[in-house]
Amino acid sequence: MSEETKQVETVTESATEQTVDNIVTLKKGDTVKGTIVKIDDNQAYVSIGYKYDGIIPVRELSSVSVEKASDAVTIGQEVEAKVVSINDGKESLILSKRMIDSESAWETLQARFDNKEVFEVTVADVVKGGIVADVGVRAFIPASMVERHFVEDFSDYKGRTLRVKVKEIDRENNKLILSQKDVLDEEFEANKKQVIEGLKEGQELEGTVQRLTQFGAFVDVGGVDGLVHVSELAWQHVEKPADVVQEGQQVRVKVLKVDPSNGKISLSMKATQPGPWEQAGGSINIGDVLTGVVKRLVAFGAFVEVAAGVEGLVHISQISHRHIGTPHEVLKEGQEVQVKVLDFNPAEKRVSLSIKETEEAPAPSEKPEKKVKEELNNPNVSLSNETMSFTLAERFGDKLNNLK
């Protein structure tokens, strides 16, 4: 036998002895590394350099429930697993990837919790009350911790990638709670602070209506919501915000006030638009007869709206041709009336109106003439000097003649 042949045999025997040693020392609880070589629905086959392949049942592939093995691993993927059981007589080698993943995951997760680290996870399943992810252990994200807003249906979240933080960790009870909302909240506050610092009172900018409430509309101005109070939505009176704007609508707003300490922004839509008096300046003239609506009644007259946001006073003396003690005698709020413009001063936001000037004045009533009854036969009444003289002559004529 040649020297070269002897060397080959020696190497072969050494390799055989090493292989035998590996076979002998492979036992339950050992950690092995291998490659996925085949996948069935309920299990995956792993080549670990042993005389036969190991099997990872679908339940041992992931910390979360998966329907089939291909949902957890792919052919050619390198994995680390723990020997669950071994039976050379039956050529059965059962492995668990889940157990290895779990052991290393807890330490990593604890470090992430301590450091408040943000990391990515993939949604593995949607369950009652939230969603779950496989991070080496089963992680639960409650519905309230997924988004900053309410989500009714999470069915389309499966397979999504989320950025999360560890909210709660309890290794002894195998409990891990994650939160994406905490990450989003922190980013929102950081962005909000930056946006608020850049806003100036009087600044005009574009925004998007996010949501409506009874008292106004919240408008997104660069990732931060500002409130447009219902009184600032339009120049005319607004009953409810939905009468003026809708969610998702693009609007132009003016910054009225910024409160960095409270993170509040007050906005106005009407301040970006011409005021009603400005608009009325070119359309209302003295002498015009307009149709208006009685808005308010006061002791000295009535306020009538003749254009959106433009109210004029009808003094009590200009309400009716006849004398009235109070405007309530002839008018009521909400009534439509015709008015004539007596005076108009848009700069001072003042307009004087008249209702009676639009109506024809009633004809004056005829007073009956007083007839003086002449009592010509009354001896005690003298109607003229002539008559008086005649009567005295007749009465005293004879006596005067006797005195001659």
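All of the numbers you see were taken from the coordinates with simple rules; none came from a lab. Source: prediction; values computed, not measured. Quick reminder, even Gly has a Cβ in these numbers, built from the backbone with ideal geometry, and neighbours come from all protein chains shown.
A few remarks follow.
- Inter-centroid distance (Cα atoms) of region 328-363 relative to region 188-208, Å: 46 Å
- Cβ crowding within 10 Å averaged over residues, with 110-120, 344-354, 128-138, 318-328 ranked highest first: 128-138, 344-354, 318-328, 110-120
- Where Cα atoms sit under 20 Å apart: lysine pairs in region 168-322 separated by 8 or more or lying on different chains: 18
- Largest to smallest principal axis extent of the C-alpha atoms in region 243-319, angstrom: 54, 28, 22
- Global form of region 222-371, assessed from the alpha-carbon gyration tensor, a/c cut-off 1.5: prolate
- Both radii are taken from the alpha-carbon atoms of region 37-172; with Rh as the Kirkwood radius, Rg/Rh is 1.03.
- Distance histogram for region 60-107 (every C-alpha pair counted, 10 angstrom bins, percent rounded to whole numbers): 24, 47, 27, 2
- For the peptides 58-71, 144-157, 227-240, the ranking by mean Cβ contacts within 10 Å, running from highest to lowest, is 58-71, 227-240, 144-157.
- With 0.36 nm allotted per residue and the present C-alpha distance subtracted, the GLU333-VAL289 stretch has 13.9 nm of extension available.
- The stretch between SER231 and SER261 holds 8.4 nm of extra length on full extension. This uses 0.36 nm per residue minus the Cα-Cα distance.
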